[in-house]
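Participant: If you scroll down you'll find the structure; I have some questions about it.
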């Protein structure tokens, strides 16, 4: 990223995360970082006070004159299901409201062996990488052919 930002320390400090690749956000698209280094681009990290007829007024009072404003207002990242999902450990909806949602490879949830999804908790995007799609597609077939126990009581019974 430093190379793509032309070594610009201000941009590097503002844009390079302090966490590993793929953990919270995807890498920027091809050409995105390079575009931020162009002479006709100015990065502003000031607080917005309000929108005005001419553009955007910053907290400093400065007005940025713009032709268009595009807002990304945020996303619901709670990963809490909108309906009850009852599994071995109770209702997933209630559980994820109380604690940090967790999922195996972003598609399988502990205590819910038959519940698979394409973008559960800890998934970087709604369009999962190929390895996740392949894992999800093969999961029902794998579990049907596996001799692994599917319920805690099966483990106890098989160990007797």
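Participant: Which FRET efficiency value, to the nearest 0.05, do you get for residue 46 and residue 100 by plugging their Cβ-Cβ distance into 1/(1 + (r/R0)^6) with R0 = 45 Å? Numbers along the way, then the final one.
Facilitator: Working: r = 32 Å, r/R0 = 0.71.
With R0 = 45 Å, the Cβ-Cβ based efficiency is 0.90.
Participant: Subtracting the Cα-Cα distance from 0.36 nm times the residue separation, let me have the gained length for residue 8 to residue 68 in nm, one decimal.
Facilitator: 18.9 nm
Participant: Still on this structure, I have one more. Between residue 35 and residue 53, what length comes free when the chain is fully extended (0.36 nm per residue of separation minus the Cα-Cα distance, one decimal in nm)?
Facilitator: Details: separation 18, 0.36 × 18 = 6.48 nm, distance 2.73 nm.
Going from the current span to full extension adds 3.7 nm.
Participant: For residue 16 and residue 114, compute 0.36 nm times the residue count separating them, minus their Cα-Cα distance, and round to one decimal in nm. Spell out each step's value before the answer.
Facilitator: On the way: separation 98, 0.36 × 98 = 35.28 nm, distance 3.83 nm.
Extra length available between residue 16 and residue 114 comes to 31.5 nm.
Throughout, read-outs are computed from the coordinates displayed, never taken from laboratory work. Here the structure is a predicted model, which is why all the values come from computation and not from measurement. Backbone-built Cβ (ideal geometry, glycine too); neighbour counts: all protein chains shown.
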